[in-house]
Every structure is written in C-alpha cells, then in structure tokens.
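Here the structure is laid out as structure tokens; the discussion comes afterwards.
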Amino acid sequence: MNKITNTTKRNTLFKVTLFCLSFLFLQINSYSQDGKKLFKANCAACHSVGSNKVVGPGLQGISEKYDREWLGKWIKNSGDLIASGDGDAKAIFEEYNKVIMPPQPVDDSQIDAILEYISNPSDGEAGPVADVAGASNVVVEEDNSTMVYIFAAAILLLVILVFTLNRTGLFLREAVAKNEGQEYTGPTTLWQSFRELMRKNQGIVAAVIIVLFFGGLLDLMDGAFKIGVHQGYKPEQPIKFSHKIHAGDDKIDCNYCHSSARHSKTSGIPSLNVCMNCHKAIDGSSGKTFMYDGKQYSMTEEIQKIYDYLDYDKETQTYGDNPTPVKWVKVHNLPDHVFFSHEQHVTVGEQKCQTCHGPVEEMEVVDQHAPLTMKWCVECHKETAVSTEGNGYYEEMHKRMTPEFKDKVMGDGVLTVKENGGWECAKCHY
Ligand code: HEC
Ligand code: HEC
Ligand code: HEC
Ligand code: HEC
Ligand code: HEC
Ligand code: HEC
C-alpha cells in the first residue's frame with residue numbers, strides 16, 4: 001500500500017521533470033531556430049526582407065542569387081570572403097562603397113532558419129526603409145530577454161532534479177528501515193524533506209542566495225518582467241553624441257538624421273556617413289570641451305571616434321579599408337509582440353516627436369521619456385482626435401458612414417483614435 005503511494009509520487013515527480021525538460025528544450029529550440037527572431041535580432045538593423053535597401057541591400061530572393069555555401073561564408077565573415085578574392089564578394093564590396101558587413105554570430109542551422117524566413121516572411125513585412133545615403137556601419141544593440149526564460153527554466157529543472165534525487169534517497173532509507181523491522185522517523189512529505197535539505201546544507205543554501213543576489217540574476221529577472229517599462233533608461237553610448245548641441249544649439253532638424261520616421265515603421269539611427277557630411281569639415285580642432293551627462297569631454301577626442309570607426313584619416317582625407325561598426329545601444333525597446341509604426345504617428349497622425357520623446361533638443365543624452373506601457377498608448381488613443389482635415393481616406397470614410405454611426409462616434413464632433421479602432425487588440429499586437 002505504502003509502496004504504491006511512493007511509486008505514484010515518484011512517477012509524478014518524474015513526469016514534472018520530463019515536462020520541464022521538454023519545456024527547456026522547446027525554449028532553446030525556438031530561441032535558436034526562429035528565423036524571424038534571428039533575423040530581427042541580427043539582420044533587421046541593416047536589411048529588409050523585401051527589395052528595398054536599408055543599410056545593406058534588400059535580401060529578397062537571396063537564396064536564388066547565391067548558393068547556400070557562399071551565403072554561409074558571407075554571413076559568418078564577409079571580410080574573409082572578400083579577402084579570399086571571391087568575385088561576387090568583391091563586386092558587392094565595391095558596390096557598397098567598401099563598407100564591410102560585420103561578421104554575424106550565427107551558426108549554420110541559424111543561417112538556415114534566417115534564409116527560410118527571408119524566403120517566406122510573414123505577411124506585410126517589407127522591413128524598414130531608410131534613405132540614408134551610401135552604406136553604413138550602424139549596429140543597434142538590443143538585449144534579448146529570451147535568455148532569461150531559458151535561464152529560469154534551467155534553474156527550475158535543477159531544483160526539481162535535486163528534489164527527485166533527495167526523495168529517492170528517502171524512499172530507499174524508508175524501505176531499508178522497514179526491511180529491518182525498525183520504524184522510520186525521517187521526513188515523509190516533500191515540505192519536510194525540503195526543510196531537512198535546507199538544514200543539512202546551510203552552507204550551500206547561503207552560497208546560492210549570495211550568488212543569486214550578487215550574480216545579477218535579479219537584474220536579469222528585472223529585465224524579463226519590465227517588458228518595456230523602463231522610463232528614464234539612459235544606456236552608455238559609444239560616442240558621446242549630444243542632441244542638445246546638434247538638435248538644440250545647431251538646430252539640425254530631427255528628420256535630417258532620423259529620416260525614415262516619416263515614411264516607415266522605424267526611425268532608425270543615422271549612419272556615420274551622414275555625420276561625415278559635416279564632420280569632414282568640423283573635425284574638432286577648435287579643441288573646445290562640452291558637457292555630456294554631467295561630465296566634460298573633449299570635442300577633438302569624441303569626433304575622432306567617428307574617424308576611427310570609419311577608418312578615416314583626417315590628415316590625408318582618405319578612407320582605409322578597416323571600418324568597424326559603431327554599436328549604439330537602443331534606448332527604446334517595445335516588446336516583440338507589439339506593433340508600432342512611426343509613419344502612422346508622425347505622418348498620418350501628425351504627432352510631434354517631442355510628444356512621445358520629450359524635449360530631445362534640450363537633452364545631452366536621450367533617455368526613454370515615456371513609459372511605453374500599453375496604458376500609455378491607449379490613453380493617448382482615447383484622448384487624441386485623428387486629423388481628418390484634407391485627408392482623402394477619412395473623407396471617403398465619412399461618406400460611407402450611416403447617419404446613426406456618425407451620430408454615435410462623432411456626436412461630440414471629434415473622431416478619436418479609439419473610436420477609429422485604435423483600441424483593437426490586433427492593431428497593436430502581432
Ligand atoms: C551592420 C549592418 C549589417 C548587418 C547587421 C547585416 N548586414 Fe548583411 N550586409 C550589410 C552591408 C553594408 C552589405 C553590402 C555589402 C558590403 O559592403 O559588405 C550586406 C550584404 C549582405 C548580403 C549580400 C547581398 C547581395 O545582394 O549581394 C547578404 C546575403 C547579407 N548581407 C546577409 C545578412 C544576414 C543574413 C544578416 C544577419 C545574420 C546580415 N546580413 C546582417 C550590412 C549588414
Ligand atoms: C545629427 C544627427 C541627429 C539629429 C539632428 C537628431 N538625432 Fe536623434 N539620434 C542620433 C544618434 C546618432 C542617435 C543614437 C545615439 C543616442 O542614442 O544618443 C540618436 C538617438 C535618438 C533617440 C533614441 C533612439 C533609441 O535608441 O531608442 C531618439 C528618441 C532620438 N534620437 C530623437 C531625436 C529627435 C526627436 C530629434 C530632433 C529634436 C533628433 N533625434 C535629432 C542622431 C541625431
Ligand atoms: C549638420 C551638421 C552636423 C551633422 C550632420 C553632425 N554633426 Fe556633430 N557637430 C556639428 C557641430 C556644428 C558641432 C559643434 C562643433 C563645435 O562647436 O566646435 C558638432 C559636434 C559634435 C561632437 C562633439 C560634441 C557632441 O555633441 O558630442 C560629436 C561627438 C559629434 N558632433 C558627433 C556627431 C555624430 C556621431 C554625428 C552623426 C550621427 C554628427 N555629429 C552629425 C555638426 C554636425
Ligand atoms: C501621443 C499620442 C499617441 C501615443 C502615445 C500613441 N499613439 Fe498610436 N496613434 C495616435 C494617433 C493620433 C493615431 C491616428 C493616426 C491616424 O490618423 O490614423 C494613432 C494610430 C495608431 C495605430 C493605427 C490605428 C488604426 O486604427 O489603424 C496603431 C496600431 C497605434 N497607433 C499603435 C500605438 C502603440 C503601440 C502605441 C504605444 C507604444 C501608441 N500607438 C501610442 C496617437 C498616439
Ligand atoms: C506616438 C509616439 C511617438 C512619436 C510621435 C515618435 N516616436 Fe519615436 N519611438 C516611439 C516608440 C514607442 C519607439 C520604440 C519603438 C520600438 O521599440 O519598436 C520609438 C523609437 C524611436 C527611435 C529608436 C529607433 C526606432 O525606430 O526604434 C528613434 C530614433 C525615434 N523614435 C525617433 C523619433 C523621431 C525623430 C520622431 C519624430 C519625427 C519620433 N520618434 C516620433 C514613439 C514615438
Ligand atoms: C494602442 C496599442 C495597444 C492596444 C490597442 C492593445 N495593446 Fe496590449 N500592449 C501594448 C503595449 C505597448 C504593450 C507592452 C507594454 C507593456 O507590457 O505594458 C502591451 C502589452 C500587452 C500584454 C502583455 C502584458 C505584459 O505585461 O506582459 C498583453 C497580454 C496585452 N497587451 C493584451 C492586449 C489585449 C487583449 C488587447 C485588446 C483588448 C490589447 N492588448 C490592446 C499596446 C496595445
């Protein structure tokens with residue numbers, strides 16, 4: 001009787017363990033094989049899956065254009081392939097102003113998944129369009145919270161394994177005691193055995209707690225649960241680029257650098273070639289200092305960084321062939337399941353950059369001004385009217401509205417984004 005219960009318990013534990021194992025496996029699997037995610041994380045900053053050029057060429061039809069082996073070599077290290085004298089590689093290199101695509105940290109199965117995604121992108125994803133002149137060397141970094149889930153699953157699995165082993169030990173001891181005709185006095189429930197385990201291994205428990213606290217797990221967890229809520233986030237940037245100096249003092253229009261905001265989903269970060277339009281001449285030889293995040297920096301040194309990334313020699317005014325990409329750290333990060341389009345807001349909705357990003361022209365360092373929560377989005381949609389004036393689309397819509405419907409939504413004379421469907425889940429969620 002007793003035996004049967006024990007076996008049942010053990011079976012349950014076994015099943016839980018198996019479940020966790022498969023969960024972990026699925027997580028890792030989807031993490032490494034999801035072509036769309038991989039593409040977004042590694043390639044989307046520079047490529048679209050359509051035919052339009054972003055920083056690099058559009059990748060539509062790429063699998064027909066080159067064979068798989070060539071693509072593998074190119075993606076892993078295009079520089080090597082160019083150096084090896086490969087004709088195709090050299091031609092692309094010339095065509096793109098000798099900008100080298102940085103080596104991509106992907107393995108063969110991940111490349112397969114990416115190529116598969118490029119051949120069959122999910123609907124409506126032409127990708128970002130940027131009309132930045134020439135190729136560039138911009139990398140926008142994003143942290144990947146999927147790792148956190150894998151990590152959490154691994155820890156859960158470990159805990160369960162420890163329990164299972166410990167329980168098995170208990171069953172054995174209990175059985176041995178029974179066999180020898182003695183009474184078993186040890187723990188019999190999971191909770192009791194947990195307490196006993198903690199008591200017997202106080203050193204280990206203390207060590208684990210210390211590691212959890214100081215090993216950054218809490219930070220990681222924070223990263224996982226914040227899901228976009230990161231107001232005031234102000235990561236350290238590789239070049240101390242001041243918006244106050246450029247957009248404020250020098251009054252350079254936001255659209256000069258973030259030119260794609262008006263006609264694509266993303267605003268994009270300008271390539272260093274855009275900077276060179278001015279910084280070929282403005283080389284920091286004034287020797288001035290400037291303030292950035294409360295500290296003083298030298299113009300000469302910070303502007304020199306642009307030249308270093310581009311492998312540009314300001315004395316001879318020539319470019320070498322060893323450019324390295326600048327890694328700006330992304331400040332705003334909506335979760336993957338949210339769809340947001342700059343064009344929709346800036347061009348169609350006529351919203352000012354500052355409404356969402358704050359007075360950027362006064363900021364030395366841009367930070368995340370708005371909370372970027374769902375509440376923030378829907379509250380603005382509830383309050384803001386869509387601009388219907390001179391907008392053919394809305395005039396057409398007005399004509400088609402029944403009088404009752406017009407009365408209902410336009411009773412107050414305004415059509416808000418919400419009334420126009422801006423609260424529908426599918427508008428914002430993939
Ligand atoms: C930092 C920007 C950047 C990133 C990130 C990037 N590429 Fe590129 N890629 C380029 C540029 C620029 C070119 C143009 C060729 C050159 O000068 O290197 C290019 C060229 C290519 C080509 C050749 C296209 C053609 O039509 O000849 C392929 C294929 C390619 N990239 C695939 C990828 C894949 C896949 C990824 C992601 C794993 C990726 N790239 C990530 C910048 C990038
Ligand atoms: C001279 C070029 C230039 C101009 C002009 C400019 N920016 Fe930027 N912007 C950048 C660069 C480079 C970055 C990336 C480095 C950083 O985050 O500071 C950036 C970053 C940003 C970011 C943060 C992006 C992220 O990572 O999430 C926002 C928001 C932004 N700019 C808004 C604006 C607004 C609004 C204006 C106009 C008031 C403006 N910018 C004018 C070059 C420019
Ligand atoms: C339209 C012209 C123009 C463009 C485009 C431009 N800059 Fe500047 N930049 C200036 C001027 C003007 C100064 C101030 C120089 C001075 O006061 O001596 C400056 C100063 C700087 C400085 C030192 C002060 C600061 O803001 O940190 C850095 C670094 C810098 N620029 C980086 C960049 C980068 C990176 C880009 C491209 C994303 C860029 N600039 C694009 C005109 C420009
Ligand atoms: C400052 C106000 C404001 C904020 C904040 C805002 N929106 Fe909007 N949004 C608008 C306006 C105005 C429109 C209407 C544009 C138009 O005329 O179609 C719009 C339209 C949209 C649409 C198209 C709706 C439709 O009916 O086709 C989507 C999707 C959307 N917003 C998503 C978001 C998301 C996601 C966020 C938060 C990350 C957000 N918006 C934050 C003002 C805002
Ligand atoms: C309705 C609110 C809203 C308006 C208006 C708006 N932005 Fe944004 N912006 C966002 C959100 C939300 C993100 C984060 C998008 C993401 O992570 O996918 C963002 C991201 C960015 C980024 C980072 C790169 C990117 O595209 O993800 C830049 C740069 C930027 N915005 C610049 C601008 C400029 C310049 C304007 C004005 C021309 C502007 N934004 C207008 C809400 C807005
Ligand atoms: C105007 C845009 C918008 C609309 C409409 C919208 N959402 Fe969201 N939603 C967001 C944004 C942005 C986030 C991410 C920010 C956050 O987690 O707070 C989000 C997050 C979520 C999350 C994840 C929450 C979390 O903390 O992980 C769920 C679930 C969700 N939305 C469900 C819905 C449902 C259901 C609807 C329809 C009733 C809906 N959303 C309509 C913008 C929107």
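The values are calculated or read from the model by the stated rules, or taken from the named source; none is laboratory data. Remember, it's a predicted structure, so these values are computed and weren't measured experimentally. For neighbour counting, all protein chains shown are included, and Cβ atoms are generated from backbone atoms with ideal geometry for every residue, glycine included. In case anyone asks, the SASA skips ligands and DNA or RNA and just uses the protein heavy atoms, side chains included. Shrake-Rupley method; radii C 1.70, N 1.55, O 1.52, S 1.80 Å.
All but one of (1) of a type outside the set (Gly, Ala, Ser); (2) more than 16 Å from ligand 4 (Cβ to nearest atom); (3) at pLDDT 70 or above; (4) open to solvent by 70 Å² or more (accessible area, probe 1.4 Å) hold for ILE210, so report the exception by its number.
Every listed condition holds for ILE210 apart from (3).
Name the single residue, out of those in segment 214-255 being at pLDDT 85 or above and among the charged types (D, E, K, R), that is most open to solvent (accessible area, probe 1.4 Å).
Here is the first cut: in segment 214-255, the residues at pLDDT 85 or above are 235-255.
Then drop every residue that is not among the charged types (D, E, K, R), which leaves 236, 240, 244, 249-251, 253.
On the way: GLU236: 144, LYS240: 24, LYS244: 81, ASP249: 97, ASP250: 96, LYS251: 161, ASP253: 88 Å².
This residue is LYS251.
Output the residue which, of all residues in segment 37-55 that are within 12 Å of GLY268 (Cβ to Cβ) and open to solvent by less than 20 Å² (accessible area, probe 1.4 Å), is nearest to ligand 2 (Cβ to nearest atom).
We begin by selecting, within segment 37-55, every residue within 12 Å of GLY268 (Cβ to Cβ); these are 44-46, 48, 54-55.
Within this subset, residues satisfying the condition of being open to solvent by less than 20 Å² (accessible area, probe 1.4 Å) are 48, 54.
Values: SER48: 19, VAL54: 16 Å.
Looking at the filtered set, the residue picked out is VAL54.
When you scan segment 315-345, how many residues do you find that are away from ligand 6 (no atom under 16 Å from the Cβ) and either of a type in the set (A, V, I, L, M, F, W, C) or out of contact with any helix residue (DSSP H, G or I) (no Cβ under 8 Å at 6 or more places or on another chain) (or both)?
11
Please state which one of ILE92, ILE100, ILE75 is within 27 Å of THR324 (Cβ to Cβ) and modelled with pLDDT of 90 or more. Reasoning before the result, please.
Numbers: ILE92 fails: modelled with pLDDT of 90 or more; ILE100 fails: modelled with pLDDT of 90 or more.
Criteria check complete, one pass: ILE75.
Here is a list: CYS275, CYS257. Which entry is in contact with a Cys (Cβ under 9 Å, 6 or more places away or on another chain) and away from ligand 5 (no atom under 14 Å from the Cβ)? I'd like the intermediate steps shown before the answer.
Numbers: CYS257 fails: away from ligand 5 (no atom under 14 Å from the Cβ).
Result of the check over CYS275, CYS257: CYS275.
Take segment 249-288 and flag every residue that is of a type outside the set (A, V, I, L, M, F, W, C) and more than 29 Å from the chain's Cα centre (by Cα). Show your work before the answer.
First, pick out the residues of segment 249-288 that are of a type outside the set (A, V, I, L, M, F, W, C): 249-251, 253, 255-256, 258-260, 262-268, 270-271, 273, 277, 279-280, 283-288.
Matches in segment 249-288: ASP249, ASP250, LYS251, ASN277, HIS279, LYS280, ASP283, GLY284, SER285, SER286, GLY287, LYS288.
Note down all Cβ pairs under 7 Å where the first residue falls in segment 316-333 and is on the phi < 0 side of the Ramachandran plot, the second is away from ligand 5 (no atom under 14 Å from the Cβ) and in a strand (DSSP E or B), and they're at least six residues apart or on different chains.
Qualifying pairs under 7 Å: TYR319/TYR312; GLY320/ASP313.
Need pairs with beta-carbon distance below 9 Å; first residue farther than 19 Å from CYS254 by Cα and open to solvent by 30 Å² or more (accessible area, probe 1.4 Å) and within segment 268-296, second near ligand 3 (Cβ under 6 Å from one of its atoms) and in a loop (DSSP other than H, G, I, E, B); sequence gap 6+ or separate chains.
Close Cβ pairs satisfying both conditions: MET291/SER242; ASP293/LYS240; LYS295/LYS240.
Does GLN231 satisfy being out of contact with any strand residue (DSSP E or B) (no Cβ under 9 Å at 6 or more places or on another chain) and over 30 Å from VAL348 (Cβ atoms)? Before the answer, list the steps.
On the way: out of contact with any strand residue (DSSP E or B) (no Cβ under 9 Å at 6 or more places or on another chain): yes; over 30 Å from VAL348 (Cβ atoms): no.
Taking the combined requirement at face value, the residue does not satisfy it.
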